[in-house]
Amino acid sequence: MSHRPSPVSAAWTRIDNWLRTYAPGSYENLSPPADPAAVEEAQAVMGLRFPDELLESLACHDGMRWQDSTFPVRSPRSVAAIVSFWRTAMDILRHEADDPEDEAPGDGAEPWWHPLWIPWAHGDGDAQIIDMREGPHQGRLGERRHDDCGHFGGGWPTLAAYLEEVADTLESGGTVGSLAPFLGEGYVDGMPELHWEVPDPAKRSRFSRGGVPAPVSRPPR
């Protein structure tokens, strides 16, 4: 009986294969799997259990070596970076709780931060968060911007759904939200790298029909 990979692992395999073929500069930025001991320690520090999908994702890649635009929302981060962001957010949250002048969010509004949010991907103070609060929406993905509250409209119901949409778009074309994938000259030995931007009809796309990229033209050296 053959073993079927989980949706997260299957999506990562598709993303890996695409990056290895068409955007090797971005592929080189992916980190190896996370150390299971570091994952366990992170959960103990944060006082919560990571969802199975995040555990599976970290078993594929411990985030990325540095922030870039390989993903359309934020760069997946290492276990250490997840804990660091969460700790910083919690320190600010505790400070606000001690300040009587800080206003609580209005009825129905999301807070600026919640202890049960996991910043699985982040950069420049903004984070793509996994909501681990109890209820029917547990495991959904949203965003928390550094100057705003949390938002879940337009997000994804699960991490697997997000990764599968990224893989589908790379392989077959289209957009993730309003962003489409493009190839550009990279910083790693000039190898092509992936980035996402709002499509411009007046700009020649680096992608041909079907999501397979056309050759990237490199400037003369």
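Key figures for this structure:
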item: Matching residues in segment 44-88 - criterion: being among the acidic types (Asp, Glu) and more than 24 Å from residue 27 (Cβ to Cβ); result: 52
item: Segment 17-37, residues that are in contact (Cβ under 8 Å) with a residue 24 or more places away in the chain and closer than 15 Å to residue 163 by Cα; result: 18, 19, 30
item: Filtered residues of segment 161-179 (kept if in contact with a Gly (Cβ under 9 Å, 6 or more places away or on another chain), under 19 Å from residue 121 (Cα atoms) and of a type in the set (Gly, Ala, Ser)); result: 177
item: Qualifying residue in segment 9-16 (condition: of a type in the set (Gly, Ala, Ser) and assigned to a loop (DSSP other than H, G, I, E, B)); result: no
item: Candidate set from segment 17-31 (those that are within 15 Å of the chain's Cα centre (by Cα) and assigned to a loop (DSSP other than H, G, I, E, B)); member that is farthest from residue 52 (Cα to Cα); result: 29
item: Any hit, segment 62-70, residues being within 14 Å of the chain's Cα centre (by Cα), small (Gly, Ala, Ser) and at pLDDT below 95; result: yes
item: Boolean, residue 34 is part of a loop (DSSP other than H, G, I, E, B) and either in contact with a Lys or Arg (Cβ under 8 Å, 6 or more places away or on another chain) or among the small types (Gly, Ala, Ser) (or both); result: yes
item: Count of segment 1-48 residues which are basic (Lys, Arg) and at positive phi; result: 0
item: Verdict on residue 154 being without any contact (Cβ under 8 Å) to a residue 60 or more places away in the chain and surrounded by fewer than 16 Cβ atoms within 10 Å (Cβ to Cβ); result: yes
item: In segment 55-79, the residues that are among the basic types (Lys, Arg) and either farther than 24 Å from residue 185 by Cβ or not in a loop (DSSP other than H, G, I, E, B) (or both); result: 77
item: Looking only at segment 137-192, and only at residues there that are part of a strand (DSSP E or B) and over 25 Å from residue 54 (Cβ atoms), the one that is nearest to the chain's Cα centre (by Cα); result: 180
item: Extreme residue, surrounded by the most Cβ atoms within 10 Å (Cβ to Cβ), among residues of segment 32-69 that are polar (S, T, N, Q) and closer than 18 Å to residue 19 by Cβ; result: 57
item: Leading residue by the ranking (modelled with the lowest pLDDT) among those in segment 20-36 that are among the aliphatic types (A, V, I, L, M) and within 17 Å of residue 68 (Cα to Cα); result: 23
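The values are calculated or read from the model by the stated rules, or taken from the named source; none is laboratory data. All figures in this text were calculated on a predicted structure; none of them were measured in a lab. Every residue, glycine among them, receives a Cβ derived from its backbone with ideal geometry; neighbour counts consider all protein chains shown.
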